[in-house]
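The values are calculated or read from the model by the stated rules, or taken from the named source; none is laboratory data. Computed from a prediction, not measured in an experiment: that's the story for all the values here. Note that each Cβ is placed from the backbone with ideal geometry, even for glycine, and that neighbours are counted across all protein chains shown. Ligands, DNA and RNA are stripped out before the accessible areas are found, and what is left, the full protein with its side chains, is counted by its heavy atoms. Shrake-Rupley method; radii C 1.70, N 1.55, O 1.52, S 1.80 Å.
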Amino acid sequence: MAELAEDVLRGDLRALARASTLIENQEPGADGLLRDIAAHAGRALVLGITGAPGAGKSTLCDHIISLLRAEGKTVGVIAVDPSSPVTGGAILGDRIRMQQHHADPGVFIRSMATRGIPGGIARATAGLATLLDAAGRDVVIIETVGVGQSEVEIARLAQVTILVVVPGFGDDVQAMKAGVLEIADIFVINKADLPGADKLAQELHPVAGDRPVLRTVASEGQGIADLIEAMRACRREAHLQPAAVGPRIDHLGIAVRSLDHALEFYQAQLGLRVALRETVAQEKVNVAMLALGDPRIELLEPTEPDSVIGRFLEKRGEGLHHIALKVPDLLAAVDRLRLAGARILNEPRAGAGGHLYVFVHPASTGGVLLELIQA
Ligand code: CO
């Protein structure tokens, strides 16, 4: 194992900072580092905090950190803000807001602005979350502005996602992005002392169903303890879900000529919900992820004919392109398959969402391209 990985796992702060930069900029060596430390991640509580600018997320975050620190917990914070000006790699606003924790070695804060590549920021965030988790942080907080698709993707990384809304800020429930409402595990009405809080709560309750709707006044530290309680309860519930023992279906990838046309069937007629829609520039593909319980359907539309999906359509026409399975230990699975002579098409690499994956050639699988993803 590389020295940097060892230092990170020992909890060395300078190594952690160096590793963060490596992952954030997706420099060579970042994937190798993540591979080295991946087995040590999975212990932290990963918390997502999302909401429109001005909702008071950072103040809320500040108070959550203070309470966790009072319990002796260590915290890692990844603040993702596509709209903030970047100053020397850090976002000025977040720096100032979370300054009170800056001298505390128990709080590691990283601010990120948007990457040039779509999906890049989600990948960097996933990598950073794994890094902080492996480095032994008890709680990893991912703070995002809940407006774009990449934020929805980022929130998906969290075990518990908190959506922060405020009365009278155009936070009309009708106007909120469906994706954002769906990913929330806990709704927080912040600045609940403002007029309109009751009306907002009334609108939220039917949407929230049995998910908690809490009220906070973050500037005064009100309601934070209840919020922490709710997020722990939420995570316990998640832990009661049956654990994945063997491989499970993650998604089915279907190549289509036109997303809009395919969605006419899957969304409008069949009633599936689009959980995520994005363009993956490197793969020259437009993707729509359809929610379907745990496994999903991934519709793939080429952005140009000269691409993997474009060539597939040319040769085979529309249809099932790949099956993706989540496996508990990807590297072990790859070793096993290689030994048995299977054709692995790539070295394990991190995809959107940061999970490592490989493709297995159809010649080894009975004729269908197989994607294996680290669970
Ligand atoms: Co796929």
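Can you tell me how many residues within the stretch 44-89 are modelled with pLDDT of 85 or more and surrounded by fewer than 18 Cβ atoms within 10 Å (Cβ to Cβ)? Looking only at that region, the number is 7. Going by what's in this entry, would Leu370 be described as farther than 28 Å from His40 by Cα, in a strand (DSSP E or B) and outside the structural domain of Glu153 (by TED's automatic domain parsing)? When the stated conditions are applied, Leu370 does not pass them. Restrict the check to the stretch 182-189 and report whether at least one residue is of a type in the set (Val, Ile, Thr), more than 16 Å from the ligand (Cβ to nearest atom), closer than 30 Å to Leu370 by Cβ and at pLDDT below 90. So far as the stretch 182-189 goes, yes, one or more of its residues are of a type in the set (Val, Ile, Thr), more than 16 Å from the ligand (Cβ to nearest atom), closer than 30 Å to Leu370 by Cβ and at pLDDT below 90.
Somewhere in the stretch 327-339, is a residue within 13 Å of the ligand (Cβ to nearest atom) and β-branched (Val, Ile, Thr)? No; the residues of the stretch 327-339 include none that is within 13 Å of the ligand (Cβ to nearest atom) and β-branched (Val, Ile, Thr). When each of His261, His322 is tested for being over 21 Å from the mean Cα position of the chain (by Cα) and either part of a loop (DSSP other than H, G, I, E, B) or exposed (fewer than 14 other Cβ atoms within 10 Å of the Cβ) (or both), the lone residue that passes is His261. Among the residues of the stretch 36-66, not one is under 18 Å from the mean Cα position of the chain (by Cα) and farther than 25 Å from Thr161 by Cα. Within the stretch 347-363, can one find any residue that is touching a helix residue (DSSP H, G or I) at 6+ places or on another chain (Cβ under 8 Å) and more than 15 Å from the ligand (Cβ to nearest atom)? Within the stretch 347-363, not a single residue is touching a helix residue (DSSP H, G or I) at 6+ places or on another chain (Cβ under 8 Å) and more than 15 Å from the ligand (Cβ to nearest atom).
For Lys284, the conditions (1) within 20 Å of Ala363 (Cβ to Cβ); (2) open to solvent by 30 Å² or more (accessible area, probe 1.4 Å); (3) modelled with pLDDT of 90 or more; (4) within 16 Å of the ligand (Cβ to nearest atom) are fulfilled apart from (1). Filtered by the rule that a residue be modelled with pLDDT under 90 and open to solvent by 10 Å² or more (accessible area, probe 1.4 Å), the stretch 122-142 gives a lone residue, Arg123.
Does the stretch 295-306 include one or more residues that are exposed (fewer than 14 other Cβ atoms within 10 Å of the Cβ) and either at pLDDT below 90 or within 16 Å of the ligand (Cβ to nearest atom) (or both)? The answer is no, given that none of the residues of the stretch 295-306 is exposed (fewer than 14 other Cβ atoms within 10 Å of the Cβ) and either at pLDDT below 90 or within 16 Å of the ligand (Cβ to nearest atom) (or both).
The residues of the stretch 352-370 that are surrounded by 19 or more Cβ atoms within 10 Å (Cβ to Cβ) and within 24 Å of Ala122 (Cα to Cα), listed by number, are Ala352, Gly354, His355, Leu356, Tyr357, Val358, Leu370. Tell me which residues, restricted to the stretch 249-264, are of a type in the set (A, V, I, L, M, F, W, C) and within 14 Å of the ligand (Cβ to nearest atom). Matches in the stretch 249-264: Ile249, Leu252, Ile254, Ala255, Val256. Among the residues of the stretch 265-279, are any within 14 Å of the ligand (Cβ to nearest atom) and touching a Ser or Thr at 6+ places or on another chain (Cβ under 8 Å)? Yes, there is a match, as at least one residue in the stretch 265-279 is within 14 Å of the ligand (Cβ to nearest atom) and touching a Ser or Thr at 6+ places or on another chain (Cβ under 8 Å). Residue under question is Asp171, and the condition is that it be farther than 26 Å from Ala44 by Cβ and either assigned to a helix (DSSP H, G or I) or at pLDDT 90 or above (or both); does it hold? No.
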